[in-house]
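Only one structure is covered here, and it is reproduced in the block below.
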Amino acid sequence: MKTYTAFSKDFDWIEFGSFSKCCALAQDYCRQNFERVAYVGQLRGGEPKGRLIFEVAAGKYTRILAPRFFQAKHIKRAHFALRRCRYE
């Protein structure tokens, strides 16, 4: 099972969803925060690392061709911390 995520470079904004939803959310994030960079990545169930697919900056998509990975546990921990802060 594949899950897609959109997140900022310093993990202060993280969203999960389908591929098209994550791409649209990343583009909206970069429109609102013009000088920020967002990434769209793919997570597979049971794997410790996710793969970066796109880098979005100023509404422009850049395909990441060389394999670049990120730790899935860091994304999940940051997402949990962000959600917990919103509800408290």
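Since every read-out is calculated from the coordinates, none of them should be taken as a lab result. In this text, all values refer to a predicted model and were calculated from it rather than measured experimentally. Positions of Cβ are generated from backbone atoms using ideal geometry, with glycine treated the same way; all protein chains shown enter the neighbour counts.
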Within the stretch 13-52, the count of residues that are within 22 Å of ALA66 (Cβ to Cβ) and in contact (Cβ under 8 Å) with a residue 40 or more places away in the chain comes to 4
Within the stretch 1-49, the count of residues that are within 15 Å of ILE75 (Cα to Cα) and assigned to a loop (DSSP other than H, G, I, E, B) comes to 9
Among residues of the stretch 1-12 being farther than 20 Å from LEU65 by Cα and out of contact with any helix residue (DSSP H, G or I) (no Cβ under 6 Å at 6 or more places or on another chain), the residue surrounded by the most Cβ atoms within 10 Å (Cβ to Cβ) is ASP12
Taking the stretch 58-80 and keeping residues over 24 Å from ARG31 (Cα atoms), in a helix (DSSP H, G or I) and touching a residue at least 12 places away in the same chain (Cβ under 8 Å) leaves ALA72, LYS73, HIS74
